[in-house]
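Notes follow once the structure below has been shown.
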Amino acid sequence: MHRRLFAAVVFSLFFISVAHAQSAAPQAGFDVKAKQVYLIEAQTGTVLFARAEDDAVPAASLAKLMTMATVFKALAEGGITLETQYPVTEYAWRTGGAPSRTSTMFAALKSNVRVEDLIRGVTVQFANDACIILGEGIAGSESAFAERMTKEARALGLVKSNFANSTGLPNPENRVTMREMVLLARHLQTAYPQHMRYYLEPEFEWNKIKQRNRNPLLALNIGVTGFVTGFSEEGGYSIVAAVNRDGKHLLLAMGGLENEKTRIEESRRIIEWALSSFERRTLFKEGEAIADASVYGGDASTVPLVAGEQVDVFLPKDNSQRLIARVVYSWPVRAPVTPGQAVGTLKIWNDKQLLREVPVKTAGTVGEGTLRARALDALIELFFFWI
């Protein structure tokens, strides 16, 4: 441990009886065939199911989520517009176009295509040629665009995902995790809501070739609003899906499925399970005191801590377990203290599994204490320093 003592303030949360909400094992009689799973309720961030969610696996077409995040950022920054046109190079045509025999929008060699049409090619048809054309147009080359994708991933807090190309076509450096794909999908929804409509388009026609949306869950009418599927020989069949139904918003990422049929069936099952088995509960209201933090060198020894938002979680309706909450902060908080200082995190656990993490901040003012009080606090800190 570094020469600072990190304290965990542990307190009873009324010993609320709830069920498991996250585990690598079957929950309440439910399991799923995917090797990697990460499912959250997006409004609260509550984890509903997880298994091997931090394992790095081949990206396959899941990489196209980062391609779109990078394109949407370029649009937001004004470097390009929806009307900007990019040429179809021979590399893009051969690698991701008709000759490639992969998912393609059939962009004609040496033609020019608008950015908006390329976006439709990616979001509706999962088109590899559209990805490459966008990458070359925005960054000068696909490799340069892939570097930009990985840089953007790091800026978003995705520490394991890496991108060697814009398409997710086989490359050992194309790796993602299910947790980070859910985080990325959540970012797309919150940062670029105006562009989410593209993922819902039922079909898109280009070069006189009409193709249905390649997301197989859209046609099931179960509330799915996007995103993408993938396949690799090493990683099997995968999917990232967003769901908006019955006032609930889910984000799901699964990998390691055996075939297309299983991917559809298991996606439907876990979505229906999550929608029917969980309910929303409020644990703390906005501004409600959660715990007290120790203050060093102040005219008061503690300061109350609150969350910056109402703290809700989605919990199973039955099969009870005890919920535990901890406030973790860097001890001690140093005076002077003003309201609104971010000092730690509220962590909510269901048994051994982490459900949510919520930043906490100070809710009061603590001025500097007397010389004697500061000296006493210094003595106490020195004692803990050598523990």
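Of Arg148, Arg154, Arg179, all but one fail to be under 22 Å from Ile132 (Cα atoms), crowded, with 17+ Cβ neighbours inside 10 Å and either in contact with a strand residue (DSSP E or B) (Cβ under 7 Å, 6 or more places away or on another chain) or not aromatic (Phe, Trp, Tyr) (or both); the exception is Arg148. With respect to (1) buried (at least 17 other Cβ atoms within 10 Å of the Cβ); (2) of a type in the set (S, T, N, Q); (3) within 20 Å of Leu75 (Cβ to Cβ), the lone exception for Asn165 is condition (3).
Scan the stretch 131-152 for residues that are over 21 Å from His187 (Cβ atoms) and either assigned to a helix (DSSP H, G or I) or in contact with a Gly (Cβ under 6 Å, 6 or more places away or on another chain) (or both) and jot them down. Ile132, Ile133, Glu136, Gly137, Glu142, Ser143, Ala144, listed by residue number. Does Asn171 fit the bill of being surrounded by 14 or more Cβ atoms within 10 Å (Cβ to Cβ), assigned to a loop (DSSP other than H, G, I, E, B), free of Cβ contacts under 8 Å to residues at least 40 places away in the same chain and over 22 Å from the mean Cα position of the chain (by Cα)? Against the criterion (surrounded by 14 or more Cβ atoms within 10 Å (Cβ to Cβ), assigned to a loop (DSSP other than H, G, I, E, B), free of Cβ contacts under 8 Å to residues at least 40 places away in the same chain and over 22 Å from the mean Cα position of the chain (by Cα)), Asn171 qualifies. The condition of being small (Gly, Ala, Ser) and surrounded by 23 or more Cβ atoms within 10 Å (Cβ to Cβ) holds for only one of Ala60, Ala98, Ala74, that being Ala60. Restricted to strands (runs of 3 or more DSSP E) entirely inside the stretch 226-299, those with at least 2 residues that are out of contact with any strand residue (DSSP E or B) (no Cβ under 6 Å at 6 or more places or on another chain) and either in contact (Cβ under 8 Å) with a residue 40 or more places away in the chain or open to solvent by 30 Å² or more (accessible area, probe 1.4 Å) (or both) are 248-257.
Under the condition of being among the polar types (S, T, N, Q) and part of a loop (DSSP other than H, G, I, E, B), the residues counted in the stretch 300-310 number 2. All told, Phe231 meets the bar of being of a type in the set (Phe, Trp, Tyr) and in contact with a helix residue (DSSP H, G or I) (Cβ under 6 Å, 6 or more places away or on another chain).
The one condition from (1) open to solvent by 10 Å² or more (accessible area, probe 1.4 Å); (2) in contact (Cβ under 8 Å) with a residue 40 or more places away in the chain that Ala69 does not meet is (1). Cβ separations smaller than 6 Å between residues 6+ apart or across chains give the following pairs from the stretch 138-166 residues that are among the basic types (Lys, Arg) to residues that are part of a loop (DSSP other than H, G, I, E, B): Lys160/Ala56; Lys160/Thr177. The single condition from (1) under 20 Å from the mean Cα position of the chain (by Cα); (2) touching a residue at least 24 places away in the same chain (Cβ under 8 Å) that Phe204 fails is (1).
In contact with an Asp or Glu (Cβ under 9 Å, 6 or more places away or on another chain), free of Cβ contacts under 8 Å to residues at least 60 places away in the same chain and outside any strand (DSSP E or B), is that true of Val124? Judged against the criteria, Val124 is not a match. Here Ile133 meets each of (1) crowded, with 23+ Cβ neighbours inside 10 Å; (2) within 23 Å of the chain's Cα centre (by Cα) with one exception, condition (2).
The values are calculated or read from the model by the stated rules, or taken from the named source; none is laboratory data. Computed from a prediction, not measured in an experiment: that's the story for all the values here. No Cβ is skipped: glycine too gets one built from the backbone with ideal geometry, and neighbour counts run over all protein chains shown. Protein only, heavy atoms only, side chains kept; ligands, DNA and RNA dropped before computing areas. Shrake-Rupley method; radii C 1.70, N 1.55, O 1.52, S 1.80 Å.
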